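Chemist: Below you will find the structure I want to go over with you.
All of the numbers you see were taken from the coordinates with simple rules; none came from a lab. Predicted, not measured: the structure shown is a model, and the values here were computed from it. Don't worry about glycine lacking a Cβ; one is built from the backbone with ideal geometry, like all the others, and counts go over all protein chains shown.
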Amino acid sequence: MEFLSNENLLLPFLATLGASLAVIGMQVIARYVREQRQRVYSANYMLDVAFRVLSSTITIKKHTIIPHIEATKRIMKGDGELLEKTLLSDEFDILKAKAMNFSHLPNEYKLLIGYDDIELVQIFDALIYLYELDDNRVHLNEFVKQNLKSMDVFLSKKENLQHDILNTYWDILDSLDHEQNRIMVFVRDVVSPRLSKYVNSFQFLLFRTSGATERVKLIDKLIEEYSELFPESGYMEKVRHGGIQRVL
């Protein structure tokens, strides 16, 4: 009580306390702003990756997988000239480059997103996994190397064996096409909508999110421009209940 009644001690104490509280308050605000900006950056990065993945997937599907599926159909129907041209130009050997790598998002940034919505981090990780999945591409390259590199060797095989080789090549391409479809649908129906909802949430009202919004528009533009390449509505549900599951 004597301390509180002593103005010579009380006033400096209150001034020091006020200054300390002000510093702590500014530190809390600075940390909040920094973490919010990191969250916005993370969402922006995720959307940029989604756009690049979607763009790459569409390009591969449109300009590589679909043309080779159509060419294989024609060859299997008896187009010998196309077969020779394809073998001579080594056109069966495709998709030799690995997928782009996206590993530039710091874990502590992802952790901040996870505090808000752990499913959002899982969705992004799933997108990267689907995009980097390499088994069918490697299988295709190995199969071509063993069976479709030499025109003389291929044409020397019996017709039924040639047909089996081309049919297997077609099957692998079809699996690759399914992979592209899965990525495209995942970006369209899950990744982009969830990230768009996140960056437009109330918590970022005072922060600049125009970059993320612009990337959502780019994704929507791609989807609209190449809508004919996207599977029909309910594609993943049909796949999930297709094949042997339908029989069982």
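Chemist: Taking region 70-109, which residues are β-branched (V, I, T) and under 27 Å from the mean Cα position of the chain (by Cα)?
Modeler: Answer for region 70-109, where residues must be β-branched (V, I, T) and under 27 Å from the mean Cα position of the chain (by Cα): just I94.
Chemist: Right, next: Name the single residue that is farthest from D90 (Cα to Cα) among those in region 122-141 being of a type in the set (D, E, K, R) and surrounded by 11 or more Cβ atoms within 10 Å (Cβ to Cβ).
Modeler: The selected residue is D125.
Chemist: Does any residue of region 82-96 turn out to be of a type in the set (S, T, Y), within 30 Å of D48 (Cβ to Cβ), in a helix (DSSP H, G or I) and in contact (Cβ under 8 Å) with a residue 12 or more places away in the chain?
Modeler: no
Chemist: Also, I was wondering about something else. Among all residue pairs at least 6 apart or on different chains, which show Cβ distances below 7 Å where the first residue, located in region 109-138, is over 15 Å from A99 (Cβ atoms) and free of Cβ contacts under 8 Å to residues at least 24 places away in the same chain and the second is surrounded by 13 or more Cβ atoms within 10 Å (Cβ to Cβ) and of a type in the set (G, A, S)?
Modeler: Close Cβ pairs satisfying both conditions: V121/G114.
Chemist: Which residues, counting only those in region 60-84, are more than 20 Å from Y226 (Cβ to Cβ) and either surrounded by 13 or more Cβ atoms within 10 Å (Cβ to Cβ) or of a type in the set (V, I, T) (or both)? Talk me through it step by step, then tell me what you get.
Modeler: Applying the first criterion (more than 20 Å from Y226 (Cβ to Cβ)) to region 60-84 yields 71-84.
Passing the criteria: A71, T72, R74, I75, M76, D79, L82, L83, E84.
Chemist: If the requirement is being surrounded by 16 or more Cβ atoms within 10 Å (Cβ to Cβ), within 30 Å of Y41 (Cβ to Cβ) and not small (G, A, S), which of these qualifies: L105, L166, L148? Steps first, please.
Modeler: Working: L166 fails: within 30 Å of Y41 (Cβ to Cβ); L148 fails: within 30 Å of Y41 (Cβ to Cβ).
Unique residue meeting the criteria: L105.
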